[in-house]
Amino acid sequence: MSQSKAVVQKYARATRLLHHIHTAAFIILFITGLVLFIPQLGFLAQDSWTRIVHRLAAVVFIVAPIVYLVMKPKAALRAVADACTWGTEDVGWLKAAPRYYFLCDEEGMPAQGHMNTGQKLWWFLVIVFGAVFIVTGLVMWFLKTVAPAGLLQWMVFAHDVAFIVTGAMVFVHVYLGVIHPMMTEAWQAISKGTVSEEYAKSHHGLWYHEQVKEENTAPPPEPKEVVEVH
Amino acid sequence: MAEKAILYDATRCTACRGCQALCKEWNENDEVIPAVQGGVKERNRGSYENPKDLSTRTWLKIGFNEVEHYDKLDWLFSRRACMHCTDAACVKVCPTGALYRDEAYGIVAYNKDICSGCGYCADFCPFDVPRLDGNRILGKNKMDKCVLCTQPGLNRLEIKQEPACVKTCPTKALVFGDRDTLVATARQKVAALKAKGFTNATFYGEKELGGLHVLYVLNDTPDKYGLPVDPKFPSTATAWQDIIQPLGWTVGGLTLLGLAFNFIIAREAKMTKELPGKAGKGGKKHVAE
Ligand code: HEM
Ligand code: SF4
């Protein structure tokens, strides 16, 4: 296989930074939450310290996206819009996914946009359950003495539902990003920001061709290896 | 050992609050009344009831209820503290096991050292009894409630003594003993009250929450005494602990299994595609590229 040198930028620096900070906060929240979730680990929560760490991490979990939203409002809003934009290629993806992910059969897989359907699903879950985490968490944190007991009871419940959904799906996310045999450059995309042109063509065809089209109509960009995105 | 209980006979209670005072004294729950020059800072709340609420230092208090009682205004007293439920919601939701059911006495015992201060017990208690103290913002708290005089070092049951509140009660409105015996006593008392014309007389605590370990003889309906009429084990506690948590384990476990399964199949498939002929042979970790 000839290694094409040309690379395309997939994620801007700020996006990658947000991803990593949010991931770190999530992992800490996951672990410090888990000790309350597993009765056998409960003793670790003794004297409140895991709960204090949970709150500190929660601050990062809430503030990081807000900072991003303020500094990169356009990119942030476009990303949210992406999560809500669904088309026929998504139906195609859903149909082709089992053969693709189990049998590595690329045949039926329609060309995908900047995010493929699976990534978009995860991103959608992150937005929805991120909001659930934040709202329910803040209620349990700050309204503990004033909110009616019944509300607080449902808050833990909803917090746990969000925990179960995202906690299970985050493993799928990591697995597909760094372990699955087909996803060769997903990790590179989020760590270094770039993917090879080849990977962009085969995994995110729609997006890649849009980029190329823009390139052709746009006033001459620097015709370097790096194709700027967003 | 037979399960123990306290029987509180509201008809005998004079609201002297000796129990409230000795509870504090025995359990070392001193409370300072905020003082200002020439007096105290407390405001008159229009009631003899004091303090206003249970707290981490007030595990027991006598309530003063001014209510209509058989067509005349009356002053009904009631004892408020942990009810020591058999089906205790706090025990169910406590993530650390700090709250647990003491099988010998049947009470809700507490190991304060391992309390995480989460306050779930307070959220789920049908009687609104547990109280937390600490830093609300940091979340560094400790819970406290009546433990029926079983505090380590101050354990009265261990030395075959009745709880402090019972010990001090001058009218025998409070008695301590085997639960079965007290249930029988309470039944008789309520029957006698009814015979005397107190048709609403109620025996409270026999069946509530699987059986309370604080039993009440009331000569009116429970609401007149500030008690919840039909307290229930919160369905949210069941939904959370018995449904959503096991479901969480199942979902988490199946996800990981599924991923492992996918990896085995997908790697095989990828190798077959890229290295025809060598499929599955050699077993080298020949992943993508
Ligand atoms: C983003 C803002 C978040 C806030 C403000 C927050 C806050 C809280 C609060 C207040 C509690 C109740 C216990 C306590 O008082 O310390 C709690 C419990 C918990 N949190 Fe969070 N949290 C957040 C995010 C997360 C995330 C992202 C996860 C998991 C990945 C998570 C997992 C848990 C778990 C598992 C529990 C324990 C629930 C149980 O006892 O079953 N939280 N959180
Ligand atoms: S506050 Fe303490 S006793 Fe109450 S549920 Fe939480 S860990 Fe258990």
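Structural remarks
- Residue check for residue A:45: within 14 Å of chain B (Cβ to nearest Cβ) and on the phi < 0 side of the Ramachandran plot: yes
- Residue within segment B:70-77 that is open to solvent by less than 40 Å² (accessible area, probe 1.4 Å), at pLDDT 95 or above, assigned to a strand (DSSP E or B) and in the same structural domain as residue B:134 (by TED's automatic domain parsing) present: yes
Residues are listed down the side, and each one gets a yes or a no for (1) among the small types (Gly, Ala, Ser); (2) more than 16 Å from ligand 1 (Cβ to nearest atom):
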{"residue": "B:80", "(1), (2)": "no, yes"}
{"residue": "B:94", "(1), (2)": "no, no"}
{"residue": "B:98", "(1), (2)": "yes, no"}
{"residue": "B:102", "(1), (2)": "no, yes"}
{"residue": "B:111", "(1), (2)": "no, yes"}
{"residue": "B:118", "(1), (2)": "no, no"}
{"residue": "B:123", "(1), (2)": "no, no"}
{"residue": "B:131", "(1), (2)": "no, no"}
{"residue": "B:139", "(1), (2)": "yes, no"}
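- Residue ranges of strands (runs of 3 or more DSSP E) in segment B:142-221 with at least 2 members within 16 Å of ligand 1 (Cβ to nearest atom): none
- Among the residues making up segment A:132-161, those that are within 14 Å of ligand 2 (Cβ to nearest atom) and outside any helix (DSSP H, G or I) are A:144, A:145.
- Whichever residue in segment A:136-175 is without any contact (Cβ under 8 Å) to a residue 12 or more places away in the chain and under 30 Å from residue A:205 (Cβ atoms) and, among such residues, is surrounded by the most Cβ atoms within 10 Å (Cβ to Cβ): A:168
Residue by residue, here is whether (1) within 14 Å of chain B (Cβ to nearest Cβ); (2) in a loop (DSSP other than H, G, I, E, B) holds:
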residue	(1), (2)
A:168	yes, no
A:176	yes, no
A:181	yes, yes
A:184	yes, yes
A:188	yes, no
A:198	yes, no
A:201	no, no
A:211	no, no
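The rows are residues; the columns are (1) of a type in the set (Asp, Glu); (2) touching a residue at least 24 places away in the same chain (Cβ under 8 Å); (3) surrounded by fewer than 12 Cβ atoms within 10 Å (Cβ to Cβ); (4) assigned to a loop (DSSP other than H, G, I, E, B).
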position: B:2; (1), (2), (3), (4): no, yes, no, yes
position: B:6; (1), (2), (3), (4): no, yes, no, no
position: B:14; (1), (2), (3), (4): no, yes, no, yes
position: B:20; (1), (2), (3), (4): no, yes, no, no
position: B:23; (1), (2), (3), (4): no, yes, no, no
position: B:31; (1), (2), (3), (4): yes, yes, yes, yes
position: B:42; (1), (2), (3), (4): yes, no, no, yes
position: B:45; (1), (2), (3), (4): no, no, yes, yes
position: B:49; (1), (2), (3), (4): yes, no, no, yes
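- For the criterion of being away from chain B (no Cβ under 14 Å), part of a helix (DSSP H, G or I), touching a residue at least 12 places away in the same chain (Cβ under 8 Å) and surrounded by 14 or more Cβ atoms within 10 Å (Cβ to Cβ), residue A:110 fails.
Residue-by-condition table, conditions (1) in the same structural domain as residue B:108 (by TED's automatic domain parsing); (2) in contact with a His (Cβ under 9 Å, 6 or more places away or on another chain); (3) over 22 Å from residue B:149 (Cα atoms):
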| residue | (1), (2), (3) |
| --- | --- |
| B:169 | yes, no, no |
| B:172 | yes, no, no |
| B:188 | yes, no, yes |
| B:194 | yes, no, yes |
| B:197 | yes, no, yes |
| B:201 | yes, no, yes |
| B:205 | yes, yes, no |
| B:209 | yes, no, no |
| B:219 | yes, yes, yes |
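- Elements of type strands (runs of 3 or more DSSP E) contained in segment B:88-139, each with 1 or more residues being surrounded by 23 or more Cβ atoms within 10 Å (Cβ to Cβ): B:99-101, B:108-110
- Filter pass, residue B:237 being within 21 Å of residue B:122 (Cβ to Cβ), among the aliphatic types (A, V, I, L, M) and either touching a residue at least 12 places away in the same chain (Cβ under 8 Å) or within 14 Å of chain A (Cβ to nearest Cβ) (or both): yes
- Number of the condition not met by residue A:133 [criteria: (1) aromatic (Phe, Trp, Tyr); (2) open to solvent by 40 Å² or more (accessible area, probe 1.4 Å); (3) more than 9 Å from chain B (Cβ to nearest Cβ)]: (2)
Residue by residue, here is whether (1) within 16 Å of ligand 2 (Cβ to nearest atom); (2) within 14 Å of chain A (Cβ to nearest Cβ); (3) over 26 Å from residue A:46 (Cβ atoms); (4) more than 12 Å from the chain's Cα centre (by Cα) holds:
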site	(1), (2), (3), (4)
B:28	no, no, no, yes
B:41	no, no, yes, yes
B:59	yes, no, no, no
B:67	no, no, yes, yes
B:78	no, no, yes, yes
B:135	yes, yes, no, yes
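- Residues in segment B:140-151 that are open to solvent by 30 Å² or more (accessible area, probe 1.4 Å) and not charged (D, E, K, R): B:151 only.
- Of the residues making up segment A:115-128, not a single one is in contact with a helix residue (DSSP H, G or I) (Cβ under 9 Å, 6 or more places away or on another chain), open to solvent by less than 40 Å² (accessible area, probe 1.4 Å), within 16 Å of ligand 1 (Cβ to nearest atom) and among the polar types (S, T, N, Q).
- When segment B:152-167 is filtered for residues that are of a type outside the set (Gly, Ala, Ser) and open to solvent by less than 50 Å² (accessible area, probe 1.4 Å), the ones remaining, listed by number, are B:154, B:155, B:156, B:157, B:163, B:165, B:166.
- Number of residues in segment B:80-115 that are over 18 Å from residue B:237 (Cα atoms) and at the interface with chain A (Cβ under 8 Å from one of its Cβ atoms) equals 3.
The values are calculated or read from the model by the stated rules, or taken from the named source; none is laboratory data. The shown structure was predicted, so the numbers you read here are calculated from the model rather than taken from an experiment. Cβ atoms come from the backbone with ideal geometry, glycine included; neighbour counts cover every protein chain shown. Each accessible area value is taken on the protein alone, full model and side chains, heavy atoms only, with ligands, DNA and RNA left out. Shrake-Rupley method; radii C 1.70, N 1.55, O 1.52, S 1.80 Å.
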